[in-house]
Amino acid sequence: MASPRLETYCCPNRDAATQLVMNFQPKVFCGVCIGSASISLLLTILQLLPKKGQSPRKMPKASSSSTILLLISICDILGGLGMIFRSSVWLGFPGFIANISVVNGTDVWPSTFCVGSAMWIQLLYSAGFWWLFCYAVDSYLVVRRSAGLSTIVLYHMMTWGLAVMLCVEGIALLYYPSLSSCENGLEHAIPHYITTYAPLLLVLVANPILFRRTVSAVASLLKGRQGIYTENERRLGTEIQIRFFKIMLVFVICWSSNIINETLLFYLEMQPDINEMPLKNIRSAALITWIIMGVLNPMQGFLFTLAFYGWTGWRVDLKWRKREIPWESMSSSTVGENAYPSPVNYQSNIHDSKKISTTDSQQTDEAISMLSEGNTSSDERLTRSSPIYQGW
């Protein structure tokens, strides 16, 4: 599970609210994290592996959006591995973990493991948040024909740069001036929580706006392709809208418990004594959402693959196949056509105008295919409705 409480627990003088949730059935909680992360990890890898009987998706050119979707899944896989490793050590070596609570202990390895594992989990999921934001930006730019594979370099710089900068800054402020004196006041903790939840809140606020603008742009693009808005175009636009809705639904389901839990714990921290009877219901709600976080946070990887690609099946194809490189066939056909140049005639202007229209239609189909990638029915319907398919 990904929570800034993991880093806060590394402080020997941690606050009472953090102590409450981290000491609540730790063996059960670690077991829940291991089970949920393991299931999500296996199913995510199964979803991404090629399947028997499925022909590879043919894209007009490589898509930056498809690369971003893969990177989101990779971040979830690596974050899940960090959860499994951290929870396994907590269960297997309880004496090793107990040394974290020693204020003036001489063994630095327990604290090093605590900080390192927490930073690993936080960094990978934070990078996943930034990649999800980049996916929303890229989807909008693709429809506006302002994106391509060249922009993936900018996405890498923004995602990894911001994720590392915010993570390091939050940890430095939390543990300043030393690990033994951290959490002496909220001035240490609040900047750490802000840097942790900033990308999460950005996705919750900005992505729905970008997705809505993208859907509107897709509708205009489909209408302008042939001058009409047929039932096929309407269905395709609806499926892209549903896909964006599924992505946001998975994100809200997996991370809303974190926001609720953090709000409850901050409220408890403001109280003089969190063990008072009037606060019993709030303590119970905080503990319940804490366990829910251990289940839902690791499941994000698998649920996202369902939102991206749908269920891809169980039949895995591990045989290596040589795929035809698109530009080889294009170059060979071009050589055959240009070997004997045809004389110029009065029909050349007509052919040029048709080529321009065909190129524009190809770019439109290409942009829509990037957004509907992974949906076979949408790709087939798009191909049948395109002017190229109709022999235009």
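Readers should treat all values here as calculations from the given coordinates under stated rules, not as data from a laboratory. Keep in mind that what you see is a predicted model, and the values were worked out from it rather than measured. Cβ atoms come from the backbone with ideal geometry, glycine included; neighbour counts cover every protein chain shown.
Could you order peptides 301-308, 264-271 by the average number of other Cβ atoms within 10 Å of their residues, highest first?
Top of the packing list down: 301-308, 264-271.
Beta carbons within 10 angstrom, averaged per residue: use that to sort the peptides 272-278, 290-296, highest first.
Highest to lowest by the protection proxy: 290-296, 272-278.
In nm, to one decimal, how far is the residue 271 label point from the residue 22 one, both placed 7 Å along Cα→Cβ?
Taking the two extended label points, one gets 2.0 nm.
For residue 316, what residues show an amide H to amide H distance below 5 Å, using hydrogens built from the backbone and excluding near sequence neighbours?
Under 5 Å from the amide H of residue 316 lie the amide H atoms of 52, each far enough along the sequence or on another chain.
Return the distance in nm (one decimal) between the two label points of a simple spin-label model at residue 201 and residue 263, each offset 7 Å from Cα along Cα→Cβ.
In this crude label model, residue 201 to residue 263 measures out at 1.2 nm.
Rounded to the nearest 0.05, what FRET efficiency do residue 154 and residue 46 give with R0 = 25 Å and r taken as the Cβ-Cβ distance? Could you check?
The pair residue 154/residue 46 has a calculated efficiency of 0.20.
Can you compute the modelled spin-label distance between residue 168 and residue 246, with each label point 7 Å from Cα toward Cβ, in nm?
3.8 nm
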